[in-house]
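Contents: one structure, followed by commentary.
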Amino acid sequence: MLNQTILNATHRAHGARMVDFGGWDMPLNYGSQIDEHHIVRRDAGMFDVSHMTIVDVHGPHVREFLRHLLANNIDKLKTSGKALYSCMLNEQGGVIDDLIVYFIDESFFRVVVNASTRDKDLDWMARHGSGFGVTLTERRDYAMIAVQGPTARTRVHGLLSADGVARAEKLSKFVAAEIDDMFVARTGYTGEDGYEIMVPEAAVVAFWNKLVAAGVKPAGLGARDTLRLEAGMNLYGQDMDESVSPWEAALAWTIALEPSERDFIGRAALVAQKANGVAREMIGLVLDDKGVLRHGQRVITDHGDGEILSGSFSPTLGKSIALARVPVGATAASLAVDIRGKALPVRVVKFPFVRDGQACAGI
């Protein structure tokens, strides 16, 4: 029996094509996946992300706990509502999960982790939190909607109280606040501006329908995947997992080795990898020929084989793009991808591939 979000019947009423996504019955699309993608890039679309796991962490030593738990430095969060993206690592430096943590006050942080890793994340956090006296509370009473696109914030503001609008307009990126009984965060997974909104379950169906009436179009997992790939964002379980370190997943920017006395889980392994170098690296690829880059395809290099991690046709660019992991030192000009036995040349590019709805330089 698949898990269902509180919006499941609403998706079906909108004609959604439902699929099994990590044990959850979720909408793949509501018709045209490409149209949904373009709506988010050009206007405003929304996604049900209620399958994500929200965990409130309380205790007098919660900051010390998160200093130890996360590869990024929680001490960057000094203002209530400020958010931080980080990886949670095992002792070998592999990524147990990537997550967002919000600072509420010195005894309360809120963490959002991936749906597919819920059980192991909660077990890991409980095991390492026992020595810090923290309390973990899963917030199953919240649903979550991501409203994304260049007009997303304006459309959401039309549904808020006057005080709520004033507070929402003050939110800078990667900051959240309690607004009109909702937790509104200016974050997202599409490369577009917008909000991720935690709504009490009892109110979320009505809020979803108000967003539809305000012109926000429902979008499914398919569009969410092509949007996040164009934005160069990792997908856990496909671009990284416990066998991959942040160095190998283009996430060096999330590693805080300073101050040197902060002994977080996986630190020793990351320091050793940095000193000795890693064997693999993540790169961006563009296929200018006809064809589609897909997960699992072999990347042919002059230093041995690599692999396509996330790959898809890019609706914004009109060509296929991918994130790939290849041996360090591979000559960019020599790369090709094996597609049904034919080696097609690919270009190595910096990602993100798309920013502000437009192709990035060099794409």
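Only the coordinates and a few stated rules stand behind these numbers; no lab work does. The shown structure was predicted, so the numbers you read here are calculated from the model rather than taken from an experiment. As a convention, Cβ positions derive from the backbone with ideal geometry for all residues, glycine included, and neighbour counts pool all protein chains shown.
Things to note:
- Residue order, fewest to most surrounding Cβ atoms within 10 angstrom, among 85, 195: 85, 195
- Listed by Cβ neighbour count within 10 Å, with the fewest neighbours leading, 151, 79 appear as 79, 151.
- Computed [θ] at 222 nm, deg cm²/dmol, the chain (DSSP H ≥ 4; -39,500 (n - 2.57); rounded to nearest 500): -6500 deg cm²/dmol
- Karplus-derived HN-Hα couplings along the stretch 232-246 (A = 6.51, B = -1.76, C = 1.60, θ = phi - 60°), whole Hz, x at Gly and Pro: x, 9, 5, 10, 5, x, 10, 9, 7, 6, 6, 8, 10, 8, x
- Distance between the stretch 280-359 and the stretch 1-50 - C-alpha centres, whole angstrom: 28
- Shape of the stretch 98-249, Cα gyration tensor, a/c cut at 1.5: oblate
- Rounded FRET efficiency, nearest 0.05, which uses the C-beta distance separating residue 206 from residue 130 and R0 of 35 Å: 0.30
- Whether the chain is rounded, prolate or oblate, judged on the alpha carbon gyration tensor where a/c under 1.5 counts as rounded: oblate
- Looking at the stretch 255-363, the trypsin sites (Lys or Arg not before Pro) that sit in a DSSP loop and have at most 11 other Cβ atoms within 10 Å of their own Cβ are 290, 340.
- Relative contact order of the chain: 18 percent, from C-alpha pairs under 8 Å at least 6 residues apart in sequence.
- The stretch 47-166, relative contact order in percent, only Cα pairs under 8 angstrom and at least six apart counted: 35
- Counting only DSSP beta bridges whose two residues both lie in the chain, roughly 95 percent are antiparallel.
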